[in-house]
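To start, the structure itself, in structure tokens.
Rule-based calculations on the coordinates, nothing more; no lab input. This is a predicted model, so every value here is computed, not measured. Using ideal geometry, Cβ is built from the backbone for each residue, glycine included, and neighbour counts are taken over all protein chains shown.
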Amino acid sequence: MSPTAPPGHPSLPLLDALDHRILAELQADASQNNVELARRVHASAPTCLRRVRRLIDTGVIERQVALVAPAAVGASLSVVVEVTLDSQAAEHLDHFQALACAEPSITQCYRVSPGPDFVLMAQLPDMPGYQALAQRLYTASARVRNVRAFFVVERAKFETRMPAMAGLGATAQPMPERANPLA
């Protein structure tokens with residue numbers, strides 16, 4: 001790792017080439033063990049483990065999950081939804097966001113600008129499932145002014161990898177600061 005921090009960010013540690021290689025490998029397959037990961041990124045196992053722990057502790061790695069095929073669990077209807085509220089008061093936006101985030105079929109919720117107030121991604125079993133969601137989320141709240149739903153007919157690309165991780169030789173980037181970063 002570089003001993004100097006980026007200008008204007010003296011307290012932020014840097015992501016170096018090894019960190020980027022580790023992140024690229026973990027984004028491709030987080031189930032590999034530390035010895036295999038170390039081999040793939042050309043580092044010793046202890047160094048690799050220390051780096052992964054630091055990436056977790058500093059919040060660069062938020063969590064590790066399994067990606068499930070929607071159709072395999074009966075959720076083959078994908079819907080992109082734009083929602084506009086009749087008021088953009090903070091309490092109304094916060095209330096709708098809380099409702100959307102509490103809904104199990106909503107897999108992603110974004111507050112956006114300009115345009116609609118929210119863009120939601122939903123995974124449902126079928127159209128009756130979407131209708132039930134619409135009744136719970138959009139019509140139950142008197143603050144929803146407009147809803148535009150787009151039903152996915154083909155998923156051309158789905159990627160969880162961060163674009164900055166595409167190249168292994170990326171330049172050092174500041175890491176967000178969190179408590180107890182490991183060296």
- Label Ala66 and Arg53 with points 7 Å out from Cα along Cα→Cβ: what is the distance between them in nm? 2.7
- Would you grab the residues whose amide H sits under 5 Å from the one on Ile61? Only those 5+ places off in sequence or on another chain, please, with H modelled 1.01 Å from N. Ile56
- Can you pull a Stokes-Einstein diffusion coefficient for the range 70-151 at 37 °C (0.692 mPa s), Rh from Kirkwood over Cα pairs, as a whole number of µm²/s? 257
- Diffing the range 125-137: the Karplus 3J(HN,Hα) column from phi (6.51, -1.76, 1.60, θ = phi - 60°), in whole Hz with x for Gly and Pro, holds x, 5, 5, x, x, 5, 4, 5, 4, 4, 5, 5, 9
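Among Cys48, Cys109, Cys101, which comes first, then next, by fewest other beta-carbon atoms within 10 Å?
On the way: Cys48 23, Cys109 20, Cys101 11.
Listed from fewest to most nearby Cβ atoms, that is Cys101, Cys109, Cys48.
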- Please give, to one decimal in nm, the separation of the simple spin-label points placed at Phe150 and Gln108, each 7 Å out from Cα toward the Cβ. 1.1
